[in-house]
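The values are calculated or read from the model by the stated rules, or taken from the named source; none is laboratory data. Just so we're clear, the structure is a prediction, and the values are computed from it rather than from any experiment. For neighbour counting, all protein chains shown are included, and Cβ atoms are generated from backbone atoms with ideal geometry for every residue, glycine included.
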Amino acid sequence: MAHRPSQNKRSFWRSQAFRGRLYQALALGLIAAVIWFLTHNTLQNMALRGIRSGFDFLTDPAGFDIGESLFPFDSGQPYWQAFGVGLLNTLRIALLGIVLTTMLGTLLGVGRFSRNALVRGVCYVYVEVFRNVPVLLQLLMWYLLFTEALPAATEAWTLGPVFLSKGGLSFPIPLWPAEDTTLAFDFPVKGEFAIEHGGSLTPEFLAVLLGLTFYTAAFVAEVVRSGIQSVDRGQREAAVALGLNPRQSMRLVMLPQALRVIIPPLTNQFLNLTKNSSLAVAIGYPDVVSIANTALNQTGRAVECIAIVMAVYLCTSLATALLMHGYNRRAAIQER
Amino acid sequence: MTAPTFQPIAPRPAPRRTEGLLAWLRINLFGDWITGLMTVVLGGALLYLMTQFISWAIFRASWHPNFEACRVDGVGACWGVIAEKYRLILFGRYPFDAQWRPMLATVLMLGLLVVSCTRAFWHAWLGLLWAVVLTVFFALMYGNVLGLARVETDRWGGLPLTLLLATLSMAMAFPIAVLVALGRRSQLPAIRTFCALYVELIRGVPLISVLFMASFMFPLFMPEGFTVDVLIRVLLGITLFAAAYMAEVISGGLQAIPQGQIEAAATLGLSYWQTQRQVVLPQALALVVPSLMNNFISTFKDTSLVTIVSLYELTGALSLALNSDANWRPFMLEGYLFIALIYFMFCFAMSRYSLWVEQQFNRGRKRSIETP
Amino acid sequence: MKLNKLTTMAAVAAALCTVFAAPSHAGKTLDAIKARGQIACGVSTGVNGFSAADSTGKWSGLDVDVCKALAAATLKDANKVKYVPLTSQQRFTALQSGEVDILARNTTFTLTRDASLGLHSTVTNYYDGQGFMVPVKSKIKNAKQLKGQTVCVQSGTTSEKNLASFSKANGLSLKPIVFEKFEAANAAYFSGRCVAYTTDASGLASIRSKEAKDPKEHVILSDLISKEPLGPVVRRGDDEWFAIVKWVIYGTMEAEEYGVTQANVDQLKTTSTDPAVQRLLGGGNEDMGKLLGLDKDWLARAIKATGNYGESFERNLGQKSSVNLPRGLNNQWNKGGLIYAYPIR
């Protein structure tokens, strides 16, 4: 008779469950130790150097003006409002940029399948050139273009009521109708040094917007292209069999099915665009990173300001990801 | 009755050719009238722009490092600015006389990268070669050995700095990324949560804020009296950033490995780490090599951001060279085009290589698909 | 095989960290400097006249002279200085963290900086004010004509705050265009993006002399909208080093008062009969240097290295230089200026 080894006598510390708990405890302990070490050093260093901490500075008056903002901002208003202006500036770029880049990127992606070899070639060259040059360099080149090639404000190019100069793009905006209900416009006029009145888009804003749009469109084009390629060839052949011409087949058959594959990487590109808008700090556009930078220098609260910036971007990323996830679910093909 | 004579019918016109240059032009450029119109319009615009650009950039350009010649009316691009400032752009503020050192270091690093990409050199001693070349690189750049003068890290700049940041951060990020990717799929909830938190946190914030954190906050994190070099701080920042993105990519690869592989390894009696090392990781990493190359291209481009925390790599060195010299400042565009060309050459070569690698790996995987 | 690679990489990374991490003692700066053998001097990235490097990497300027004088006084050699160029964003954290021992970067002394950043302002070595530079063809004669216009300014400086205060006080609604980098702000102004450029008046003069294509096409308006006392800054917590910096600077200022120059310092050390000069140069019986923890010839060496305050000013910012600023407020107290050295005794 074989002597069966007794299972119950197996030492408990050789079981996988125990080892798992041990490793977790070790890992948690290590992480906690590292975090404690860093926090302890930070607090000690801050106390030693007399650096104050805390978010109470947010209610202090900012003490600096902001070059462009959607709502009027004055240097006497508190820091948290300054951050709000920066946040709105970032969102302005992000939302407009996402819309424009989707349009341009889709055109380019679909253009890679065009019957015209010239269009195919142009789209291919565009994608390769704009993808392989760093985005900061592209932003700097756009800004250089705007500040060097455009004329001074006193000699602005005009196209009807629209002015284009180093001071930006000035266009008429409608005034809220006051007593009489006629729609009045506020037209830009040439002032002594700059174009006054009217709505305007600064060259910083235009440079960031166009730079990011053209850069991200190259990636979106690749995403769209791979999405369309992933649709079964049979679908295209069926569309041809039904008598649809190539443009119709692309619009009615291929693109809607490609959407399912396109949306997750497209979301990634939208997030990249939003994060790349932080580079606006290099060309003088007052987005949230630039405002945080100024606040950091004036108050010395490095940790708090950087934490605010990271929180802003995390929330924006999360919001975008959630929105696209919801859209994805609606656009998903209902399979049998 | 006479037999009916054979009456041949009139010869039909030959079918249209589908091969040859004329046929290609006809099909691809003038298929129908809309295509034809677009060809004419687009072709005309392109031709005009191309001729203007070539005339500006090549025929009317001034190549001598003489800014007076560039200001003459009718002169095109001023490539003299490159002839004058190329050493400052390529090597930053490195001491002028010792610039043979960063040049040699750059050539060695490029050689190492090319060798690592070539199949013929994929042996075990490649790791050793990396260690040797990196040591030689640092010895050349920093000096202080073999009679070479010491050059502090804040003098390093230009192309060698770009290459160093990109290569070293990717090399250091790779093991971290593998560990974090494995951690995300771990059964242990604490490790899984921590790894997921790390990846999501870093992927949600822009690289600028990570660099600001590295440059402003790392000194506060260190115990009193301990200073860390700026280059190291920035390198750590980029490494952490790159590791999060690589971890995400490697996770995707790990997910694609069928559960059956792990179960088979278990029946063979392999432990967790043995399974990962010998069964799962080789397959997963092979799957994601193209995406990893994409990550490398992104990291290479992202090194241009360190110019914002005052390390003068290629983009920063250009603005250093031109912004403080009033004579050459009007010719920033030529400078930008020059470094855009350098970046383009590197990144395009890498993306072509990545396509080649993808093809190599897919050779064993391609099957003829029967479409229904 | 993979683990071997991992351990190799980890070893390389650890080795790199030990090469570049250098323990220093924040509490005892002088000891650290002596151990290191050089002073880490935080300077600007290139402001002509205050701290700028030429194309061979040699630094010169008023602030650079302070560091050279300090090196001569403490380490006996004016060349034992490591110049660390810092942007206006990094400067304070670099000083706080110990990366540099002194920030000689034409920094304005303000209450906020003294109180909340853990720093000590030493001696004002340049009394300045914030001004505006405009192109001549804009025909602007005073700052109030800039109502509603764009002004280029660099981020992280007192200039931004002062501009906002000035704008608010006078109802001008000035639109600041804020640049991260000094070079970007200059480029934007000279390309015509903004109507005016604002920073300290001395900075304006230096930018105009170095960066404008034709300096005569730009005019610096005479309105000064703020007081900007500029001088070197040190960390809190080291009174000994603070005293050394302070008294070396006062020493060079008092040397000008008593007529001690770079040329005659050796001769005066042995031949002068004025007890004040003797105390300055360590010629008599009183050893002022010992009280600071230095040797007898501390100030003599400093003056020999850089000259007295007046010579340093003339060489870097005065008529002999390209910046060409008048002494103005920066003249000695007995000649109508504000430079008042505390007595070395």
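Would you mention how many residues in the stretch C:228-238 are out of contact with any His (no Cβ under 8 Å at 6 or more places or on another chain), within 17 Å of C:SER97 (Cα to Cα) and either more than 12 Å from chain A (Cβ to nearest Cβ) or among the acidic types (Asp, Glu) (or both)?
The qualifying residues number 2.
From the list C:TRP333, C:TRP247, C:TRP298, which one is over 23 Å from C:ASN48 (Cα atoms), of a type in the set (A, V, I, L, M, F, W, C), surrounded by fewer than 19 Cβ atoms within 10 Å (Cβ to Cβ) and modelled with pLDDT of 85 or more? Break it down into steps so the answer makes sense when it comes.
Working: C:TRP247 fails: surrounded by fewer than 19 Cβ atoms within 10 Å (Cβ to Cβ); C:TRP298 fails: surrounded by fewer than 19 Cβ atoms within 10 Å (Cβ to Cβ).
So the residue among C:TRP333, C:TRP247, C:TRP298 that is over 23 Å from C:ASN48 (Cα atoms), of a type in the set (A, V, I, L, M, F, W, C), surrounded by fewer than 19 Cβ atoms within 10 Å (Cβ to Cβ) and modelled with pLDDT of 85 or more is C:TRP333.
Considering only residues that are in a loop (DSSP other than H, G, I, E, B), within 10 Å of chain B (Cβ to nearest Cβ) and within 13 Å of the chain's Cα centre (by Cα), look in the stretch C:50-88 and name the one that is surrounded by the most Cβ atoms within 10 Å (Cβ to Cβ).
Within the stretch C:50-88, the match that is surrounded by the most Cβ atoms within 10 Å (Cβ to Cβ) is C:LEU86.
Any idea how many residues of the stretch A:23-68 are within 30 Å of C:THR150 (Cβ to Cβ) and either charged (D, E, K, R) or surrounded by fewer than 17 Cβ atoms within 10 Å (Cβ to Cβ) (or both)?
Looking only at that region, the number is 5.
Enumerate the pairs (first residue in the stretch C:95-114 and over 18 Å from C:TRP59 (Cβ atoms); second residue anywhere and modelled with pLDDT under 80 and part of a loop (DSSP other than H, G, I, E, B)) with beta-carbon separation below 6 Å, excluding pairs fewer than 6 apart on the same chain, so at least 6 apart or on different chains.
The qualifying pairs are C:GLN96/C:GLY118; C:GLY98/C:SER24; C:GLY98/C:ALA26.
Being among the polar types (S, T, N, Q) and within 14 Å of chain C (Cβ to nearest Cβ): is that true of B:SER298 here?
No, not satisfied.
Could you check how many residues of the stretch B:33-69 are more than 14 Å from A:ALA117 (Cβ to Cβ) and over 33 Å from the mean Cα position of the chain (by Cα)?
9
Considering only the stretch B:30-106, give the helices (runs of 4 or more DSSP H) lying wholly within it that have at least 3 residues that are surrounded by 16 or more Cβ atoms within 10 Å (Cβ to Cβ).
B:33-54, B:80-91
Looking at this structure, is C:ASP128 within 14 Å of another protein chain (Cβ to nearest Cβ), touching a helix residue (DSSP H, G or I) at 6+ places or on another chain (Cβ under 8 Å) and of a type outside the set (Lys, Arg)?
Spelling it out, it is not the case that C:ASP128 is within 14 Å of another protein chain (Cβ to nearest Cβ), touching a helix residue (DSSP H, G or I) at 6+ places or on another chain (Cβ under 8 Å) and of a type outside the set (Lys, Arg).
Considering only the stretch C:317-327, how many residues are within 19 Å of the chain's Cα centre (by Cα) and free of Cβ contacts under 8 Å to residues at least 24 places away in the same chain?
Of the residues in the stretch C:317-327, 3 are within 19 Å of the chain's Cα centre (by Cα) and free of Cβ contacts under 8 Å to residues at least 24 places away in the same chain.
Determine whether the stretch B:313-323 contains at least one residue that is closer than 30 Å to B:VAL249 by Cα and not in a helix (DSSP H, G or I).
yes
Based on what the data block shows, is B:VAL280 in contact (Cβ under 8 Å) with a residue 60 or more places away in the chain and either outside any loop (DSSP other than H, G, I, E, B) or over 14 Å from the mean Cα position of the chain (by Cα) (or both)?
no
If C:ARG91 satisfies all but one of (1) among the basic types (Lys, Arg); (2) under 13 Å from the mean Cα position of the chain (by Cα); (3) under 30 Å from A:THR154 (Cα atoms), what's the number of the condition it fails?
Against the list (1) among the basic types (Lys, Arg); (2) under 13 Å from the mean Cα position of the chain (by Cα); (3) under 30 Å from A:THR154 (Cα atoms), C:ARG91 comes up short only on (3).
Condition first: over 13 Å from B:LEU46 (Cα atoms) and facing chain B (nearest Cβ under 7 Å). Now tell me which residues in the stretch A:113-128 satisfy that.
Within the stretch A:113-128, A:ARG115, A:ASN116, A:ALA117, A:GLU128 meet the criteria.
State yes or no: is A:VAL99 of a type in the set (A, V, I, L, M), under 25 Å from the mean Cα position of the chain (by Cα) and either more than 14 Å from chain C (Cβ to nearest Cβ) or buried (at least 21 other Cβ atoms within 10 Å of the Cβ) (or both)?
Here the answer is yes, as A:VAL99 does meet what is asked.
For the subset of the stretch B:186-200 comprising residues that are in contact (Cβ under 8 Å) with a residue 40 or more places away in the chain and not β-branched (Val, Ile, Thr), which member is farthest from A:ASN276 (Cα to Cα)? First the steps, then the outcome.
From the stretch B:186-200, those in contact (Cβ under 8 Å) with a residue 40 or more places away in the chain are B:195, B:198-199; that's our starting set.
Remaining after also requiring not β-branched (Val, Ile, Thr): B:195, B:198.
Details: B:CYS195: 24, B:TYR198: 20 Å.
Top of the filtered list is B:CYS195.
Return the only residue of A:VAL261, A:VAL289, A:VAL303, A:VAL312 being under 22 Å from A:LEU139 (Cα atoms) and either away from chain C (no Cβ under 14 Å) or among the β-branched types (Val, Ile, Thr) (or both).
Only one candidate qualifies: A:VAL289.
Looking only at the stretch A:44-81, filter to residues that are facing another protein chain (nearest Cβ under 9 Å) and of a type in the set (A, V, I, L, M); which one of those is nearest to A:GLY199 (Cα to Cα)?
Residue satisfying both the conditions and the ranking: A:ILE66.
B:ALA23 is checked against (1) surrounded by 11 or more Cβ atoms within 10 Å (Cβ to Cβ); (2) of a type in the set (Gly, Ala, Ser); (3) at pLDDT 85 or above; (4) more than 38 Å from the chain's Cα centre (by Cα) and fails just one. What number does that condition carry?
All conditions pass for B:ALA23, except number (3).
Based on what the data block shows, is B:VAL145 in contact with a Pro (Cβ under 7 Å, 6 or more places away or on another chain), assigned to a loop (DSSP other than H, G, I, E, B), closer than 28 Å to B:THR227 by Cα and of a type in the set (Val, Ile, Thr)?
No, not satisfied.
Confirm whether B:ILE238 is away from every other protein chain (no Cβ under 12 Å) and either among the aliphatic types (A, V, I, L, M) or assigned to a helix (DSSP H, G or I) (or both).
yes
Quick one: what pairs do we get from the stretch A:145-167, first residue within 11 Å of chain C (Cβ to nearest Cβ), second buried (at least 17 other Cβ atoms within 10 Å of the Cβ) and acidic (Asp, Glu), C-beta under 9 Å, 6+ apart or different chains?
These pairs meet every condition: A:PHE146/A:GLU204.
Restricting to the stretch B:148-164, name every residue that is assigned to a loop (DSSP other than H, G, I, E, B) and of a type outside the set (Phe, Trp, Tyr).
Once the filter is applied, which keeps residues that are assigned to a loop (DSSP other than H, G, I, E, B) and of a type outside the set (Phe, Trp, Tyr), the stretch B:148-164 yields B:LEU148, B:ALA149, B:ARG150, B:VAL151, B:GLU152, B:GLY157.
On the basis of being more than 30 Å from B:TYR142 (Cβ to Cβ), surrounded by 21 or more Cβ atoms within 10 Å (Cβ to Cβ) and either in contact with a helix residue (DSSP H, G or I) (Cβ under 9 Å, 6 or more places away or on another chain) or touching a residue at least 24 places away in the same chain (Cβ under 8 Å) (or both), does B:ILE257 make the cut?
Numbers: more than 30 Å from B:TYR142 (Cβ to Cβ): yes; surrounded by 21 or more Cβ atoms within 10 Å (Cβ to Cβ): no; either in contact with a helix residue (DSSP H, G or I) (Cβ under 9 Å, 6 or more places away or on another chain) or touching a residue at least 24 places away in the same chain (Cβ under 8 Å) (or both): yes.
Criteria not met by B:ILE257.
Could you list, in sequence order, the residues of the stretch A:221-234 that are at pLDDT 90 or above and either of a type outside the set (A, V, I, L, M, F, W, C) or out of contact with any Pro (no Cβ under 9 Å at 6 or more places or on another chain) (or both)?
Result: A:ALA221, A:GLU222, A:VAL224, A:ARG225, A:GLY234.
In this structure, does A:GLY198 turn out to be closer than 26 Å to A:ALA94 by Cα and either crowded, with 20+ Cβ neighbours inside 10 Å or more than 27 Å from the chain's Cα centre (by Cα) (or both)? Don't jump to the end; show me each part of the working.
Values: closer than 26 Å to A:ALA94 by Cα: yes; either crowded, with 20+ Cβ neighbours inside 10 Å or more than 27 Å from the chain's Cα centre (by Cα) (or both): yes.
Yes, satisfied.
Take the residues of the stretch C:107-133 that are assigned to a helix (DSSP H, G or I) and not β-branched (Val, Ile, Thr): which is surrounded by the fewest Cβ atoms within 10 Å (Cβ to Cβ)?
That would be C:LEU111.
With the structure loaded, tell me whether B:ALA10 is surrounded by 12 or more Cβ atoms within 10 Å (Cβ to Cβ) and more than 26 Å from A:ASN116 (Cβ to Cβ) or whether it fails that test.
no
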